[in-house]
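This report refers to the structure that appears directly beneath it.
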Amino acid sequence: MTSISIIGSGRMSAAIADVATRAGARIQIVRRSTSSSSGDRAGVAYAALGDDLTGDLVVLAVPYVAYPSILEHYRDRLRDRVVIDISNPIDFTTYDELTVPTDSSSAAQLARMLPEGAAVVKAFNVNLGDTLATGTNGTTPTTVLYAGDYAEAKIAVAVLVEAAGLRAVDVGPLSRARELEAMGFLQIVLAALGTTSYESGFTLLP
């Protein structure tokens, strides 16, 4: 059975937990406190930031600017794990540009921060949370585009996605994360402007 640790407790964390639930995965959610709330999920293990990770897949469901502080707790513990980067490194004060170098991506930057043996996969960043929670985008199953340099890591992500009833599409090596982040940037800007809906988003037809 797939196991997944989701670091973060926001909207995307909840949406990816929905995906993992449908896939039958064991789920751990890591947040600032383990104090229970009315929104806690049955069957999910909750942990506080700094606690041990139980998942073979680790999702960083926090903004890109929070990565350094997360890695203060977990950098060495991410060795030999699949680390899923879902971020779109947008300057949210202007919605005008990505905040990483033009020849790089948040996924590439993350890979440089991690120890040897950690396998970064870019995934879920072009999916708005509602399309992951419902499993549909318009009238089609939600498509998750993913990129990475390690075949086994990408297979693990694809297995999770497809077990949840979604479509998984491999777009290539981790260098393609730059294009995925540009897509995510455009989609978020269009939704923020009201041009598109947060319940929809880009889709890839079969």
### Query
For region 29-85, what are the residues that are hydrophobic (A, V, I, L, M, F, W, C) and assigned to a helix (DSSP H, G or I)?
VAL65, ALA66, ILE70, LEU71, LEU78
### Summary
If we ask which residues in region 133-178 are more than 18 Å from THR2 (Cα to Cα) and not in a strand (DSSP E or B), their number turns out to be 15
### Message
When you scan region 77-91, do you find a residue that is acidic (Asp, Glu) and closer than 23 Å to LEU193 by Cβ, even just one?
### Response
yes
### Query
In region 84-110, how many are of a type in the set (A, V, I, L, M), at pLDDT 95 or above and either in contact with a Gly (Cβ under 9 Å, 6 or more places away or on another chain) or crowded, with 22+ Cβ neighbours inside 10 Å (or both)?
4
## Note on the structure
Within region 130-165, the residues that are under 16 Å from ALA14 (Cβ atoms) and touching a Gly at 6+ places or on another chain (Cβ under 9 Å) are ASP130, THR131, GLY135, THR142, ALA164
### Task
Determine which member of the set ALA42, ALA66, ALA23 is out of contact with any Lys or Arg (no Cβ under 9 Å at 6 or more places or on another chain) and touching a residue at least 60 places away in the same chain (Cβ under 8 Å).
ALA23
### Query
If you go through region 113-122 one residue at a time, do you hit one that is farther than 24 Å from TYR74 by Cβ, surrounded by fewer than 22 Cβ atoms within 10 Å (Cβ to Cβ) and not polar (S, T, N, Q)?
no
### Summary
Quick count over region 190-206, residues being loosely packed, with under 15 Cβ neighbours inside 10 Å, in contact (Cβ under 8 Å) with a residue 12 or more places away in the chain and assigned to a helix (DSSP H, G or I), is 1
### Query
Among (1) under 27 Å from GLY165 (Cβ atoms); (2) surrounded by 15 or more Cβ atoms within 10 Å (Cβ to Cβ), where does VAL44 come up short?
(2)
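The values are calculated or read from the model by the stated rules, or taken from the named source; none is laboratory data. These figures come from a predicted structure and were not determined experimentally. Positions of Cβ are backbone-derived with ideal geometry, glycine not excepted, and every protein chain shown enters the neighbour counts.
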